[in-house]
Amino acid sequence: MINYTKFTLENGLTVIHHADDSTQLCVLNLLYKVGSRDENPDKTGFAHLFEHLMFGGSKNIEEFDTELQTAGGESNAFTSNDITNYYITLPANNIETGFWLESDRMLSLDINQKSLDVQKNVVIEEFKERYLNQPYGDVWLKILPLAYKVHPYNWATIGKNITHIENFELNEVKSFFENYYSPNNAILVVAGNIPLETCKVFCEKWFGSIEKKDTKHSNYQQEPRQMEPRSEHVYNDVPLDLLVKAYHMGGRMDSDYYVCDLLSDILGSGKSARFFNKLVKEKRLFSELDTYISGDADPGLFLIEGKLMKGISFETAENAIKEELEYLKTHLIGETELTKVQNKTETNVRFGDVNVLNRAMKLAFAEFLGNIELVNTEIDEYLKVTPALLQDIAKNMFVENNCSTLYYHAKV
Amino acid sequence: MSLERNIAPQFHKVKDLHFPEYQKIEIKTGIDLYAIKAGTEPVIRLDLVFNAGLTRQLKKAESSFTAQMLSEGTSKKTASALADALDFYGAYFQTRSNADDAIASLYCLEKHLKSCLPIFIEALVDSIFPPKELDIIRKNSIQKLLVNEKKNNYLCRKVFYQKLLGAHHPYAGFSEKADLENLNLDDLKSFYKTNYLSGLKFLILSGNFSEITLGYIHESIKTCLLQNSIEPRGGAAISTILGKHFVEKNDSVQSAIRIGKLSIERAHPDYRKLQLLNLIFGGYFGSRLMKNIREDKGLTYGIYSVLESFQQTSVWYIETEINTKNREQGLTEIYKELAAIRNEPIGAHELEVAKNYMLGSFLRSLDGPFSLADRLKIIIDFGLSKDYYAEFVHIINSMSPEALMAISNKYFSAENIVEVLVGKK
């Protein structure tokens with residue numbers, strides 16, 4: 001059970017307080033409701049580049065990191081399709097330093113041409129290190145445009161290409177900040193060894209005077225239903241063939257989310273999973289075969305990704321996957337197998353909750369989704385799933401007209 | 001009164017690092033169970049540490065293959081029956097092999113421990129190494145190796161250890177395809193018998209557990225077959241090939257770089273001082289390498305220096321991946337920084353920031369049951385005092401710029417360096 005208290009400042013900042021006196025630490029997690037889905041299709045990668053710039057100093061504070069480190073703290077951030085999330089961990093008695101730093105960069109950022117140029121280079125090197133200079137590093141860059149034709153999930157958070165990153169200008173940075181980085185577009189979680197009263201005082205003191213802004217979110221279109229099978233062949237200097245199949249599924253708040261998550265465990269999680277036993281061990285078609293869901297707020301993807309054994313054709317491998325999916329559609333899953341994946345989920349939730357920073361992030365994201373109670377009720381949603389429900393969803397989802405397939409060929 | 005945003009709020013320095021109480025229980029001859037209770041969630045992790053790392057290998061890949069094969073079947077259960085039995089309770093059985101040991105861990109909810117522990121122990125004491133499972137693991141490992149060999153940072157790490165320690169040193173024991181192909185069942189069974197059945201060094205239990213759980217684990221391990229009766233083996237000889245080594249990979253857009261040398265063992269009186277120096281040089285986001293090469297010049301996504309201690313030796317290195325066209329500039333800057341930290345005393349403010357950050361980071365690492373268990377393992381592995389972390393506060397605070405300069409001249413000298421570069425010519 002994760003306890004919390006939620007309140008809102010006059011400027012619209014949502015604050016969630018979560019007390020834990022078993023730790024000597026305190027965490028500030030600040031989520032801004034802006035991600036790569038808010039970007040212009042011709043200027044992608046901006047939300048993520050912007051995240052880098054947030055560490056470049058603000059109006060009253062020259063060096064964000066140095067001030068934080070001086071108080072014994074550490075921080076980082078990540079950008080997803082939907083959000084940009086910043087977090088700070090400090091010794092509990094120094095948490096006011098965190099309030100000072102986070103509030104100042106919400107109030108007014110200090111961005112100059114040099115820090116923009118440097119961070120563009122850093123992000124371009126990140127692009128190369130993670131996506132270009134790794135075997136199979138560009139799979140995500142290939143599969144998204146295949147699966148999404150209209151919705152901005154069409155591109156990865158890093159951006160479509162390096163040129164987009166190179167072309168950003170200082171005035172765009174400023175207007176992005178003015179629009180999205182407002183108290184009314186953010187969720188602050190204060191978690192750890194700090195009483196509620198202290199938390200309220202610090203929130204009011206440091207964030208209370210920041211003015212509300214007229215934040216406008218981009219009006220992107222939802223993805224229409226896919227009506228035909230899609231596929232693409234890629235040839236690259238990799239040692240093994242790789243097959244990826246991506247099926248459209250519901251969004252994070254849709255009822256099929258939990259069903260899909262369990263389906264993904266039944267097929268692909270651990271050594272007792274079906275794909276591993278049938279296709280990796282018994283038929284020897286793949287050396288690795290994983291399933292996962294993208295977990296985005298808007299309708300996401302159910303992905304199957306596997307490396308083929310040498311000498312196995314794409315056709316044989318793909319047919320075997322389809323056969324397993326067919327079996328799922330025609331045979332009810334037994335209670336034992338369902339209980340197994342539900343138990344796994346409970347373990348994952350409990351282990352995840354050990355860490356106070358994880359709890360803080362989970363609270364922020366649930367509030368962003370629109371139902372903070374999810375942090376406590378989500379496990380029940382998994383327990384409610386029945387064999388019939390799993391079969392229904394599998395029948396609807398695992399059809400070729402709903403699927404994008406990537407054939408990543410090893411160049412001979 | 002208006003808010004003075006340009007003045008930092010008052011902060012407090014970390015005054016003491018308190019390592020919480022833990023129990024040490026002798027289960028049988030030479031085997032202790034360490035139990036550290038922390039956290040609020042009803043979860044536990046049980047680590048069994050075996051003398052079964054790279055240093056025990058007679059042939060390459062024995063250690064990692066044996067670790068992988070432990071969950072592949074017993075005389076009573078097939079591999080999939082084992083997996084089914086543990087997965088049903090949502091438990092995780094993980095094995096990993098390291099340089100100096102191998103660890104088998106059970107993660108589960110406390111309420112399922114009685115169902116899971118017997119299966120976990122059965123897998124460890126009655127592993128039968130079915131040939132079919134070895135064949136699968138062998139072929140999958142070869143596929144993984146083929147992918148790794150396409151990665152510049154993997155190649156760079158491999159060549160670095162081979163040049164620094166010698167190609168035959170156990171810590172440089174990277175497998176080739178032929179090693180994976182040639183390993184046979186008898187090798188693995190004999191490795192298992194010597195280093196697992198007779199090689200249990202100690203156990204660590206962490207999480208939020210009851211006394212009943214602790215007693216149950218104690219009894220289960222006491223009555224199982226695992227022993228600690230292994231014959232110690234002497235340290236391996238080190239033979240270094242100093243200087244610059246280049247591995248050509250013409251298809252890459254970035255080059256992987258690793259530069260380093262041998263360093264002092266963890267128990268050395270200078271070790272903790274060197275940790276502080278390394279932090280300042282390249283050990284955190286505010287380090288000199290990061291500030292200069294990433295934040296000022298934008299040459300890389302990340303650059304770090306690392307002090308890595310093994311049982312037999314320690315290694316210190318700098319690692320990064322840099323765009324090919326900026327490679328020379330990056331190298332020049334790295335060596336410039338290395339000379340600078342030897343030749344000029346560290347500024348008072350820079351030192352203050354690093355000290356505070358380091359103490360804060362220790363506080364973070366002593367938070368939560370599993371992080372504490374990892375720290376405790378270091379204390380056990382290296383035979384350190386229980387006050388090892390508490391003493392840090394005093395040692396760090398006593399370091400002056402002059403004292404650190406003496407440390408850098410001792411351990412960051414330009415001599416005895418190995419530099420490995422993997423990338424385009």
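Among the trypsin sites (Lys or Arg not before Pro) within region A:163-240, those in coil by DSSP and having at most 16 neighbouring Cβ atoms inside 10 Å are A:Lys212, A:Lys216, A:Arg225. In a simple Cβ point-charge model (Lys, Arg +1; Asp, Glu -1; nothing else charged), chain A has a dipole of about 900 debye relative to its Cα centre. Where a Cα-Cα gap under 14 Å defines reach, which aspartates and glutamates qualify for A:Lys395, not counting those fewer than 8 residues away within the same chain? Leaving aside aspartates and glutamates fewer than 8 places away in the same chain, those within reach of A:Lys395 are A:Asp256, A:Glu323, A:Glu324, A:Glu326. Here region B:243-423 is treated with +1 on each Lys and Arg Cβ and -1 on each Asp and Glu Cβ, and its dipole about the Cα centre works out to around 40 debye.
Using alpha carbons only, how many angstrom separate the centre of region A:60-101 from the centre of region B:190-258? A separation of 36 Å, based on Cα centres. Taking the charge dipole of region A:11-97 about its Cα centre, with +1 at Lys and Arg Cβ atoms and -1 at Asp and Glu Cβ atoms, the residue from A:Ile95, A:Cys26, A:Gly45 reaching farthest to the positive side is A:Gly45.
Counted residue by residue at 0.36 nm each, then reduced by the alpha carbon distance between them, the extension gain from A:Gln221 to A:Ser209 reaches 0.8 nm. With a 10 Å cut-off around each Cβ of A:61-68, the average count of Cβ atoms from other chains is 4.
Summing +1 for each Lys or Arg and -1 for each Asp or Glu, what net charge is found among the other residues whose Cβ lies under 15 Å from the Cβ of B:Ser314? Spelling it out: positives minus negatives among the neighbours equals 0. The distance from the alpha carbon centre of region B:130-183 to that of region A:390-407 is 37 Å, rounded to a whole number. Looking at region A:230-410 alone, DSSP beta bridges between its own residues are antiparallel in about 75 percent of cases.
Here the protein assembly as shown carries DSSP beta bridges of which approximately 80% are antiparallel, counting only pairs with both residues inside. Per residue, the convex hull spanned by the Cα atoms of chain A amounts to 144 cubic angstrom. The residues B:Met399, A:Met397, when put in order of fewest to most other Cβ atoms within 10 Å, stand as B:Met399, A:Met397.
Across all directions, the shadow cast by the convex hull of region A:230-410 built on its C-alpha atoms averages 11.0 square nanometres.
Per-residue packing, averaged as other Cβ atoms within 10 Å, sorts the ranges A:18-26, B:9-17, A:329-337 into the order A:18-26, B:9-17, A:329-337, beginning with the highest. Take each peptide in A:268-274, A:67-73, count the other Cβ atoms within 10 Å of every residue, and average; sorted highest first, the result is A:67-73, A:268-274.
Mean sequence separation of contacting Cα pairs (under 8 Å, at least six apart), scaled by the length of chain A, corresponds to a relative contact order of 22 percent. Across region B:23-222, C-alpha contacts under 8 Å between residues 6 or more apart give a mean separation that, scaled by the residue count, equals a relative contact order of 39 percent. Taking trypsin sites (Lys or Arg not before Pro) across region B:63-97, the ones in a DSSP loop with at most 12 further Cβ atoms lying within 10 angstrom of their Cβ are B:Lys76.
Over all other residues within a Cβ to Cβ distance under 15 Å of B:Asp32, the charged ones net out to +2, with Lys and Arg as +1 and Asp and Glu as -1. Taking label points 7 Å from Cα along the Cα-to-Cβ direction, A:Asn112 and A:Asp254 give a separation of 4.9 nm.
Summing +1 for each Lys or Arg and -1 for each Asp or Glu among the other residues whose beta-carbon sits under 10 angstrom from that of A:Val375 gives -2.
Shielding of peptide B:361-368 by partners, expressed as the average count of other chain Cβ atoms within 10 Å per residue Cβ, is 5. Computed from the C-beta positions of B:Asp186 and B:Asn250, the FRET efficiency with R₀ = 60 Å rounds to 0.90. If you filter region A:48-137 for trypsin sites (Lys or Arg not before Pro), then keep DSSP loop positions with at most 13 other Cβ within 10 Å, what is left? The qualifying sites are A:Lys59. Per-residue mean of foreign Cβ neighbours for B:244-256 is 2 (Cβ atoms of other chains, 10 Å radius). Taking a ≥ b ≥ c as the square roots of the Cα gyration tensor eigenvalues, with a/c under 1.5 meaning rounded and otherwise prolate when a/b beats b/c, else oblate, which class fits chain B? Taking the square roots of the gyration eigenvalues as a ≥ b ≥ c, chain B is oblate. Dipole magnitude for the protein assembly as shown: about 1960 debye, using +1 per Lys or Arg Cβ and -1 per Asp or Glu Cβ, origin at the Cα centre. To the nearest ten degrees, helix A:314-330 and the longest principal axis of the Cα atoms of chain A are 80 degrees apart. Determine, from the Cβ-Cβ distance of B:Asp16 and B:Phe382 and an R0 of 30 Å, the FRET efficiency 1/(1 + (r/R0)^6), rounded to the nearest 0.05. With a Förster radius of 30 Å, E is 0.85.
By the count of neighbouring beta-carbon atoms within 10 Å, fewest first, A:Met249, A:Met361, A:Met227 end up ordered A:Met227, A:Met361, A:Met249.
Distance from the C-alpha centroid of region B:389-425 to that of region B:350-370: 18 Å, rounded to the whole angstrom. Label the protein assembly as shown by shape, choosing from rounded, prolate and oblate, from the square roots a ≥ b ≥ c of the eigenvalues of the Cα gyration tensor; if a/c is under 1.5 it is rounded, and otherwise prolate applies when a/b is larger than b/c, oblate when it is not. Rounded, since a/c falls under 1.5.
Any read-out appearing in this document is the output of simple, stated calculations on the displayed coordinates, not a laboratory observation. Just so you know, these numbers come straight off a predicted model, no measurement behind them. Ideal geometry is used to build each Cβ from the backbone, glycine not excepted, and the neighbour counts take in all protein chains shown.
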